[in-house]
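**Q** Okay, handing you the structure first.
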Amino acid sequence: MEKKKSMEKLLEEMTLEEKVSFCSGKDFWHLEGLERSGIPSILVTDGPHGVRKLPDDAEDSLGIEQSVPATCFPTASLLASTWNTEMIKEVGRAIGEECREEKVAVLLGPGANIKRSPLCGRNFEYFSEDPYLSGEISGSFIEGVQSEGIGTSLKHFAVNNQEKRRMTIDAIVDERALREIYLAGFERAINKGDPLTVMCAYNRVNGDYCSEHQHLLIDILRREWGYAGALISDWGAVNDRVKALKAGLDVEMPGDNPRNDDLILKAVKNGEISEKKLDETVKRILKIIRRTSDGAEDGFTYHRSAHHEKAREIAAEGTVLLKNEGDVLPLKKGRSIAVLGELAKKPRYQGSGSSMIRPNTLDRPLEELKRSYKDPKNIRFAQGYRLKEDRIDPDLMEEAVDLAGSSDITIIFAGLPARYESEGFDRDHMKIPSNQNILIEKVSEVSDQVIVILQNGAPVEMPWIEDVKGIIEAYLGGEAGGGAVADIILGLKNPSGKLAESFPYRLEDNPSYPYFPGGKNTVEYRESIFVGYRYYDHADVDVMFPFGHGLSYTDFELSGLWIEEDEWDGEGELDLKCAIKNTGDRPGKEVVQVYVEACDSNILRPPKELGAFKKVRLEPGEEKIVTFSLEPKVFSYYNTSEKRWVLESGVFNILVGRSSRDIVLQEDIVVAGNEKVGVMTDASVRTAYLELPGKKICRDVFEELYGKSLPPHNEGFQKPYDMNTPLGAVRDTPVGERLFSEVQKAIKERSKDHEQMTSMMQNMIKEMPIRNLPVFSQGEIDYPMTEAFLKMINGHYLHGGFQLMKSMISKKSLRG
């Protein structure tokens, strides 16, 4: 066997131009290779809940809904609700196996962004409002995928918490919130899973684009966290390629960008970037290629039916029983059942956008209920509503209500259609379609045995919550979600899912509500560290269902909390344990959750924060001892004055329970911290209060950070427009309106057979910066064309401008 060349030898053999070429991809989905040196070009592809690989004959490079068949596992919202890190690893391994069959080297996922607002259109693709839980689940997923020799790409780094203006928005966030909330999950995932790559986000953070953010990429990611993998851009996220390379971004995607390669080449030749810096970048890329290609094998295939069963198992594990009044669930034998709702026949099982998987097969809830129920003839169906519209169909409504009135029990499948939530746009509200709400209300008038099954990627309002007996949150359960929810309904599986996010009663209760999604240029994270349950507990706001909530068909008893030390020096880890017993009559699983409360802190801190958890399976009557080890960091806060994590001295309360609001056990412990003597409260968290009817809320941390006026960035888009102006913002010019209209028309034509994609694509184009015209037209509109277009919309007369416009709108990349 020929001995592999060292990295140094490979670099010696490369020309400067060849080194520069590795700083961008080869094309839309491949990294660059160098055949004469035996360096292959490797394939990367979308995830994260399955493999979205395009076939060789795909109509375009995006290829949404054109991918090869793969197992569609549940989306992140459900995966996180399992609170089962070992099972998440198994999902990762299964997806890694499918990557091996398809010769995919790097899977673009998981997504570890925090669920700041329930409105974010991409929340289905993210895990939690809590960074500890998000980091643990993300890290386990990475471990599973990479155990198969496949790389992952932890994304979107960082503070990418909305779809509105996602390519250009500037997230203004204080350093403490940045560290404790928005970066902490990434740090934990990196420490646990060591992903081969990290993907930078589109947006800006405190003024700088993530792709060129030295504080994020070099100061924190490289130096503080010691991350040694490669940094790649999201597709089209690079604003200034030279600045990005200097800030540590290794690979720009998609590739084949001769203009940016030329800019890097020029910067190296004139000394702005050293060749040593370039070599370090290329080394990191070569390491990825070598690590993922060394184990590549021909002829490997995965077991499709086994993966489908794994998808069904994980979907059941993460399904959350929200309400079960009078033990209406599981269904008893011999009862007549009305199944209502189009979602029972046409389930929504995944989100829309770059993560869309073409499933190998699809379980439909109605079919699975009939297949598993002892007397399927007792199950009758009525549609009740149309998914494509909110309008009430009187005939469908009447048929459904009549059927419910003549049945022993009614199961209504409801939730969010794809047109309500998707990558590319955010929701405007938390409501499900009005025709579904009214159906539930009318059915509840004729039946007192109503169960609602929800299919959605994020929390929804439930105005009928007091009128129904049972509620199951099935989220977007993947290709086997229909079978999994049937298993739960019929008691073939005991539900054990726990919410990874809070469900507020109303959108207005969410702390980000007044500030989301911000203005045209900036969004202010005024709620600071008070995200999710941290805010609801702090402000004493009632929630519909708290973080960590989830019921079972059996009962569990927690007892005997024991902490290793009464006084802890803050070194190593703090060990504790408690007992848990299944006091019910069937096997089941419970998630034991450990929270930490700083009792006498000198600074403003949340009432409690998740510090550990374990999922435990118990037979009826069985009792186990559960042990935990708490890290010093879960007791600490980030001090922006000292620029370090500080463990305060004082009393902490260790809380053990079933959810953030169902605390069963607690014990105090005295901690010897590492704070400096005489250092008082951190200025960035001396937060004023404002009394409002019914609750306390935090008032603007920003007044101390930035003064009483907002940063002057929200005046809107004005001439002169620049390369970062969104395409939709130049419609007030004749030239801009013409190009925008043609692009939108082309999208509508292209996606006419895939209605759910139209809104997503049209919104993405509307908010795409002008600089990305060459990227997403796949080079058909080149940079000189784009620069000329920019001059024209700014009112400059260009000789031949009319011909330029005709040429731009005639490009096949716009037509197709």
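The values are calculated or read from the model by the stated rules, or taken from the named source; none is laboratory data. These numbers come from a predicted model, not from an experiment. Neighbour counts are summed over all protein chains in view; Cβ atoms, including those assigned to glycine, are modelled from backbone coordinates with ideal geometry. Heads up: the accessible areas ignore ligands, DNA and RNA and are worked out on the full protein's heavy atoms, side chains in. Shrake-Rupley method; radii C 1.70, N 1.55, O 1.52, S 1.80 Å.
**Q** Sort out which residues of the range 618-642 are among the polar types (S, T, N, Q) and not in a loop (DSSP other than H, G, I, E, B), and write them in order of number.
**A** Within the range 618-642, the subset among the polar types (S, T, N, Q) is 627, 629, 636, 639-641.
Listed by number, the residues that qualify are Thr627, Ser629, Asn639.
**Q** Report every pair of residues separated by at least 6 positions or lying on different chains whose Cβ atoms are under 7 Å apart, first residue within the range 390-418 and within 30 Å of Met760 (Cα to Cα), second open to solvent by 10 Å² or more (accessible area, probe 1.4 Å) and aliphatic (A, V, I, L, M).
**A** The qualifying pairs are Ile392/Ile438; Pro417/Leu387.
**Q** Let me ask another. Would you be able to say whether some residue in the range 313-321 is outside any strand (DSSP E or B), of a type outside the set (Ser, Thr, Tyr), in contact with a Lys or Arg (Cβ under 9 Å, 6 or more places away or on another chain) and closer than 21 Å to Pro433 by Cβ?
**A** Among the residues of the range 313-321, not one is outside any strand (DSSP E or B), of a type outside the set (Ser, Thr, Tyr), in contact with a Lys or Arg (Cβ under 9 Å, 6 or more places away or on another chain) and closer than 21 Å to Pro433 by Cβ, which makes the answer no.
**Q** Related question: In the range 222-233, how many are crowded, with 24+ Cβ neighbours inside 10 Å and either of a type in the set (D, E, K, R) or more than 15 Å from Pro254 (Cα to Cα) (or both)?
**A** Residues of the range 222-233 crowded, with 24+ Cβ neighbours inside 10 Å: 230-233.
From what is left, the residues that are either of a type in the set (D, E, K, R) or more than 15 Å from Pro254 (Cα to Cα) (or both) are 230.
Total meeting the criteria: 1.
**Q** Sticking with this one: Could you tell me whether the range 556-563 includes any residue that is in contact (Cβ under 8 Å) with a residue 12 or more places away in the chain, surrounded by 17 or more Cβ atoms within 10 Å (Cβ to Cβ) and within 30 Å of the chain's Cα centre (by Cα)? Explain how you work it out, then say what you get.
**A** First, the residues of the range 556-563 that are in contact (Cβ under 8 Å) with a residue 12 or more places away in the chain: 556-563.
Okay, now just the ones that are also surrounded by 17 or more Cβ atoms within 10 Å (Cβ to Cβ), so 556, 558, 561, 563.
Okay, now just the ones that are also within 30 Å of the chain's Cα centre (by Cα), so none.
For the range 556-563, residues in contact (Cβ under 8 Å) with a residue 12 or more places away in the chain, surrounded by 17 or more Cβ atoms within 10 Å (Cβ to Cβ) and within 30 Å of the chain's Cα centre (by Cα): absent.
**Q** Give the residues of the range 204-221 that are out of contact with any helix residue (DSSP H, G or I) (no Cβ under 7 Å at 6 or more places or on another chain) and open to solvent by less than 10 Å² (accessible area, probe 1.4 Å), sorted by residue number.
**A** Passing the criteria: Leu217, Ile220, Leu221.
**Q** Still on this structure: Tell me, yes or no, whether the range 245-262 has at least one residue that is under 22 Å from the mean Cα position of the chain (by Cα) and closer than 20 Å to Gln162 by Cβ.
**A** No, the range 245-262 contains no residue that is under 22 Å from the mean Cα position of the chain (by Cα) and closer than 20 Å to Gln162 by Cβ.
**Q** Here's a follow-up. Looking at (1) part of a loop (DSSP other than H, G, I, E, B); (2) crowded, with 20+ Cβ neighbours inside 10 Å, find the lone condition where Leu492 falls short.
**A** (2)
**Q** Please find, within the range 336-345, the residue that is least open to solvent (accessible area, probe 1.4 Å) out of those that are on the phi < 0 side of the Ramachandran plot and in a loop (DSSP other than H, G, I, E, B). Break it down stepwise before answering.
**A** Initial filter on the range 336-345 (on the phi < 0 side of the Ramachandran plot): 336-340, 342-345.
Now restrict to residues that are in a loop (DSSP other than H, G, I, E, B): 336, 345.
Numbers: Ser336: 26, Lys345: 103 Å².
Ranking the qualifying residues of the range 336-345, first place goes to Ser336.
**Q** Testing Lys333 on (1) surrounded by 13 or more Cβ atoms within 10 Å (Cβ to Cβ); (2) basic (Lys, Arg); (3) in a loop (DSSP other than H, G, I, E, B), one condition comes back false. Which one is that?
**A** Failing condition for Lys333: (1).
**Q** Please work out which residue is modelled with the lowest pLDDT, limiting yourself to the range 239-271 and to residues that are of a type in the set (Gly, Ala, Ser) and in a loop (DSSP other than H, G, I, E, B). Can you show your working first?
**A** The initial filter retains those residues of the range 239-271 that are of a type in the set (Gly, Ala, Ser), namely 244, 247-248, 255, 267, 271.
The next check asks that each one be in a loop (DSSP other than H, G, I, E, B); those that pass are 247-248, 255, 271.
Values: Ala247: 97, Gly248: 97, Gly255: 85, Gly271: 96.
It comes out as Gly255.
**Q** Follow-up. Say we look at the range 733-748 and pick out the residues that are touching a residue at least 24 places away in the same chain (Cβ under 8 Å) and part of a helix (DSSP H, G or I); which of these is surrounded by the fewest Cβ atoms within 10 Å (Cβ to Cβ)?
**A** Keep residues of the range 733-748 that are touching a residue at least 24 places away in the same chain (Cβ under 8 Å), which gives 733, 735-736, 738-740, 742-743, 746.
Going one step further and asking which of them are part of a helix (DSSP H, G or I), we end up with 735-736, 738-740, 742-743, 746.
Values: Val735: 21, Gly736: 22, Arg738: 15, Leu739: 24, Phe740: 19, Glu742: 17, Val743: 25, Ala746: 19.
Only one residue fits best here, namely Arg738.
**Q** Right, here's the next one. Taking the range 1-20 as the search range and keeping residues that are assigned to a loop (DSSP other than H, G, I, E, B) and surrounded by 14 or more Cβ atoms within 10 Å (Cβ to Cβ), which one is modelled with the lowest pLDDT? I'd like the intermediate steps shown before the answer.
**A** Within the range 1-20, the subset assigned to a loop (DSSP other than H, G, I, E, B) is 1-6, 14-15.
From what's left, surrounded by 14 or more Cβ atoms within 10 Å (Cβ to Cβ): 5, 14.
Values: Lys5: 81, Met14: 95.
Filtering first and then ranking leaves Lys5.
**Q** Have a look at Pro495, Pro504 and point out the one that is more than 28 Å from Asp585 (Cβ to Cβ) and modelled with pLDDT of 95 or more.
**A** Details: Pro495 fails: more than 28 Å from Asp585 (Cβ to Cβ).
On inspection, the qualifying residue turns out to be Pro504.
**Q** Only residues that are in contact with a strand residue (DSSP E or B) (Cβ under 6 Å, 6 or more places away or on another chain) and buried (at least 20 other Cβ atoms within 10 Å of the Cβ): list them for the range 529-540, please.
**A** Phe530, Tyr536
**Q** Say whether the condition of being acidic (Asp, Glu), open to solvent by less than 40 Å² (accessible area, probe 1.4 Å) and at pLDDT below 95 is met by at least one residue in the range 59-70.
**A** So in the range 59-70, the residues acidic (Asp, Glu) come out as 59-60, 65.
Keeping just the survivors that are open to solvent by less than 40 Å² (accessible area, probe 1.4 Å) gives 60.
Among the residues that remain, those that are also at pLDDT below 95 are: 60.
For the range 59-70, residues acidic (Asp, Glu), open to solvent by less than 40 Å² (accessible area, probe 1.4 Å) and at pLDDT below 95: present.
**Q** Additional query: Quick check on the range 153-165. Is at least one of its residues free of Cβ contacts under 8 Å to residues at least 40 places away in the same chain and open to solvent by less than 10 Å² (accessible area, probe 1.4 Å)?
**A** no
**Q** Right, next: Just for the range 272-325: of the residues that are among the polar types (S, T, N, Q) and surrounded by fewer than 21 Cβ atoms within 10 Å (Cβ to Cβ), which one is modelled with the lowest pLDDT?
**A** Here is the first cut: in the range 272-325, the ones among the polar types (S, T, N, Q) are 274, 281, 292-293, 301, 305, 319, 324.
Adding the requirement that they be surrounded by fewer than 21 Cβ atoms within 10 Å (Cβ to Cβ) leaves 274, 293, 301, 305, 324.
Numbers: Ser274: 97, Ser293: 88, Thr301: 95, Ser305: 97, Asn324: 98.
Within the range 272-325, the match that is modelled with the lowest pLDDT is Ser293.
**Q** Looking only at the range 180-203, filter to residues that are of a type in the set (D, E, K, R) and open to solvent by 50 Å² or more (accessible area, probe 1.4 Å); which one of those is nearest to Phe635 (Cα to Cα)? Walk me through it before giving the result.
**A** Initial filter on the range 180-203 (of a type in the set (D, E, K, R)): 180, 187-188, 192, 194.
From the residues that got through so far, the ones that are open to solvent by 50 Å² or more (accessible area, probe 1.4 Å) too are 192, 194.
On the way: Lys192: 19, Asp194: 24 Å.
Taking the candidates together, the pick is Lys192.
**Q** While we're on this one: Based on this model, can you work out whether Arg93 counts as in contact with a helix residue (DSSP H, G or I) (Cβ under 6 Å, 6 or more places away or on another chain), outside any loop (DSSP other than H, G, I, E, B) and open to solvent by 40 Å² or more (accessible area, probe 1.4 Å)? Steps first, answer last, please.
**A** Working: in contact with a helix residue (DSSP H, G or I) (Cβ under 6 Å, 6 or more places away or on another chain): yes; outside any loop (DSSP other than H, G, I, E, B): yes; open to solvent by 40 Å² or more (accessible area, probe 1.4 Å): yes.
Considered against the rule, which asks whether it is in contact with a helix residue (DSSP H, G or I) (Cβ under 6 Å, 6 or more places away or on another chain), outside any loop (DSSP other than H, G, I, E, B) and open to solvent by 40 Å² or more (accessible area, probe 1.4 Å), Arg93 comes out as yes.
**Q** Let me confirm something: among Ser140, Ser128, Ser211, which residue is polar (S, T, N, Q), closer than 28 Å to Ser636 by Cβ and in a helix (DSSP H, G or I)?
**A** The unique qualifying residue is Ser140.
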